């Protein structure tokens, strides 16, 4: 029988599960997800499963479906289970679904840390603006960001890379490591406490799967090479899965992301861009866009040289993206609300007609 506390079970989830427990249902944690097919850890062992018909009927959008790391209420039948409910999440790493449709896609749930993995082998795998984007999304979801600079064996100046990462990561943990030579891996692997859940994210080709294989001490995950033309990686991880380290921590591997569309509100940038948020409090106008207004304290940072132009422009781009997302989400909510009101009105009219006939 599995020790649920080692899986991350705590009093919060226990309280959320109590009503279902009284109904005779069981609980488990999603270990693996492939196209709405799940592998689930339960107190009795590992089972496969999918969502029930009732779950499909009541789910409103994609974010309602289980993902790796979720605690789920199940109706177990032998070695198979049907998922009836996803327990509330304490944290999540989400992005906006690729394409034109506005919809939250939860990459990993109930994680304590998100390792933002970069590759120091050249190309686009080490990008400060990309790190800022990942930091903002991690903090928005309630997890703690950790910067991992992988492939230190291929980097001519690791100290410079650390200084560059520190310029955007502030006081966040940063690890300079190599999955090949094991440089820095001992400190990195012991930095996560027993029972914590750690997700790995980053572009294809930065070495997430290689790092996890090294931490596990076995070749559990498939790895691939980079394209010589631009040093960009090929997708070798096509699904999400949770593994256990000897330290007692759990790690989640996620597919490489060529782009990370933001999800959340503009306020989630405040922690990532602390110096801009602090300066904004001194702007002459409360609704200052920090672009052309007189008395803008953020623009003063640029003039003083204490804020880099690229960092400032990245902030404006992300703020604009999140404001647009916020308007689209509100628009969708209003559309859905009106659709429900129309459906309810139609149902009432049909009920009244039926009552008159009988």
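Based only on other Cβ atoms within 10 Å, what is the fewest-to-most ordering of 240, 338?
Working: 240 22, 338 10.
Ordered from fewest to most neighbouring Cβ atoms within 10 Å, 240, 338 come out as 338, 240.
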Query raised in the report: How many nm separate the modelled label positions at residue 56 and residue 339, each set 7 Å beyond the Cα in the direction of the Cβ?
Result: 1.8
Report task. Specify the residue with the greatest mean-square fluctuation among 342, 85, 333, computed from a Gaussian network of the chain linking alpha-carbon atoms under 10 Å apart. Result -> 342
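With both bridge residues required to lie in the chain, what share of the DSSP beta bridges run antiparallel, to the nearest 5%? The partial results should precede the final answer.
Details: 32 of 54 bridges.
Looking only at bridges with both residues in the chain, the antiparallel portion is about 60 percent.
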Report summary line: Output ordering of 305-311, 135-141, 77-83 (per-residue mean of other Cβ within 10 Å, highest first) is 135-141, 77-83, 305-311
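Rule-of-thumb check for the range 264-358: C-alpha Rg over 2.2 N^0.38 Å?
On the way: Rg = 23.2 Å, N = 95, 2.2 N^0.38 = 12.4 Å.
Output field value: 1.87.
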Report summary line: Note: residue 129 to residue 261 extended length (0.36 nm per residue) minus current alpha-carbon separation gives 46.2 nm
Query raised in the report: Among 142-153, 108-119, what's the highest-first ranking by average C-beta atoms within 10 angstrom per residue?
Result: 108-119, 142-153
Query - Protection proxy ranking of 248-261, 156-169, 185-198 - average other beta-carbon atoms within 10 Å, highest first - result: 248-261, 185-198, 156-169
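Any read-out appearing in this document is the output of simple, stated calculations on the displayed coordinates, not a laboratory observation. All of these numbers come straight from a predicted model, not from anything done at the bench. Every residue, glycine as well, gets a Cβ built from its backbone with ideal geometry; the counts of neighbours run over all protein chains shown.
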